[in-house]
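One structure is given below, encoded as structure tokens.
What follows draws every value from the coordinates through simple rules; no lab data is involved. Since the model is a prediction, treat every value here as computed from it, not as a measurement. All Cβ positions, glycine included, derive from the backbone under ideal geometry; neighbour counts span all protein chains shown.
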Amino acid sequence: MDLLEKCRTYTRADEARDVGLYPYYPVFQGPVDGGRAVLEGAEVLMLGSNNYRALSSSPQVIGAAQDAIALYGTSATGSRLLSGNLDLHEELEADLAGFFGYEAALVFATGYMTNLGVVSALAGSGDQVYLDEKAHASLVDGARLAKASGAVVERFGHNDPGDLARQLAAAPTRSVLVATDGVFSLEGSLAPVAELVAVCEEYGATLLVDDAHGVGVFGRGRGVIEQAGMQGRVPLMTLTFSTSLASQGGAVLADAKTIDFLRHTSRPQIFSAGLSPADTAAAHASLREIRRGAEAEPDALMAAEHLRRALDALGFDVAGGSSPVIPVRFPDESAMLAAQRVLVDHGVYTSAVLPPVCEGYQLRIACTDAQSPDALEAAIGVFASVREALLPRYRPAA
Ligand SMILES: Cc1ncc(COP(=O)(O)O)c(C=O)c1O
């Protein structure tokens, strides 16, 4: 059996394709910024985009990206360490640090690489890493690399500071990294940041909050740390530019010495080209827009609250939470895939999520500032009109 035998015998995707229920790699023609989108030739209401603040179609953001291309070209052309470091990167880092209240920031080429690069550079032999058991794959993969360098990696119960405290009390070392998502992007729950800070401070552990889905949305745009009143007490924060900042890339925020260490030791930073000029400028313009509108409650949150209540009233199995993400749960894969197909056929796009990405089967709805009240009412109407067909199949057994 050669290496590629596993590919030739891989049938899972074909099984879904054969029955017309394959949900992945949908082809959108045009923008997917959270308003209306064109999916395989038909218009849909986009309820699957992480562009929470709808900034990817903002004239300011588009203009900034266009200007950057005109001035700098299309590529940073090399690692920032040697030849690809632009003033655009450093200006963005200074503004990120100022806005989020840290001494310094370091921009990476993606949010995934940020977590990978931070965890693997900071933890190794003699260190311990504690991850929330539902932490994002990029934190998990960073911990895998740390483990390969000798770190001990443990999991603590999801959003369970008590379990973390019990484990830290028994930990053999104080050289500990604790890492969690700020907003769990599949279930929409927020990490208990204040409680995690208290535990980490008690045991001298260093807390990292990956606020990929909280920035721009919570805490006057500053995310869940600010929302929890914990500014200045979370030593490491990471974020992605691919959600509210309407771009590509990511960043870590920390004290100046830690950032300097990461600039020179983090392998995904050193061995990959710098973020492109357009992506850097777009993220920076989005940051300015978020800072400008920071005092206003995002429409995405109000839209999600309205939709969550409406779906619950219709009898869907909707998880709680206060974020723009609404998971609608199903008891099995076929019911979930059938529901997704029916919704698409009626002009509403939601993302189908199933193991190994999450436990169980769910449609993930993500609200953004771009969904007008009329469009949301239309979507609720679609959910209502298909519920009779869906409910018998998807209601969990009592
Ligand atoms: C919690 C979390 N962290 C990090 C990432 C990675 O971000 P990016 O898309 O910039 O690689 C994501 C995106 O899936 C995420 O949800």
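What the table below lists for this structure:
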quantity: Residue among 264, 383, 318 farthest towards the positive dipole end of the chain, charges placed on Cβ; calculated: 264
quantity: Nearest 10 degrees, 0 to 90: helix 277-292 Cα axis against the chain principal axis; calculated: 80
quantity: Neighbourhood charge, 13 Å Cβ-Cβ cut-off, centred on residue 244 and excluding it, Lys, Arg +1 and Asp, Glu -1; calculated: 0
quantity: The range 133-167 and the range 97-128: distance between their alpha carbon centers, rounded to Å; calculated: 15
quantity: With Cα atoms, 0 to 90° folded angle of helix 373-394 axis to the chain main axis; calculated: 70
quantity: Cβ crowding within 10 Å averaged over residues, with 365-376, 216-227 ranked highest first; calculated: 216-227, 365-376
quantity: Stokes-Einstein D (µm²/s) once Rh is taken as the Kirkwood radius of the range 293-384 over alpha-carbon pairs, at 20 °C in 1.002 mPa s; calculated: 157
quantity: Value of [θ]222 nm, deg cm²/dmol, for the chain, DSSP H segments ≥ 4, -39500 (n - 2.57) each, nearest 500; calculated: -13000 deg cm²/dmol
quantity: Relative contact order (%) - the range 59-293, alpha-carbon pairs under 8 angstrom, separation at least six; calculated: 31
quantity: The range 1-150: C-alpha gyration tensor shape, a/c 1.5 cut-off, then a/b vs b/c; calculated: oblate
quantity: Degrees between helix 59-72 axis and first principal axis of the chain (Cα, 0 to 90, nearest 10); calculated: 50
quantity: P(r), alpha carbons of the chain - 20 Å bins starting at zero, rounded %; calculated: 27, 56, 17, 0
quantity: In Hz, Karplus ³J(HN,Hα) per residue of the range 167-173 (6.51, -1.76, 1.60; θ = phi - 60°; x = Gly, Pro); calculated: 5, 5, 4, 9, 5, x, 9
quantity: DSSP-defined beta bridges in the chain - what % are antiparallel, rounded to 5; calculated: 55
quantity: Relative contact order of the range 1-143, pairs being alpha-carbon contacts under 8 Å that are 6 or more residues apart, as %; calculated: 10
quantity: Net charge of neighbours whose Cβ lies under 13 Å from the Cβ of residue 9, counting Lys and Arg as +1 and Asp and Glu as -1; calculated: -1
quantity: The chain - percent relative contact order, Cα under 8 Å, separation 6 or more; calculated: 22
quantity: Reach of residue 147 by Cα under 20 Å, taken over lysines that are not fewer than 8 positions away in the same chain; calculated: 134
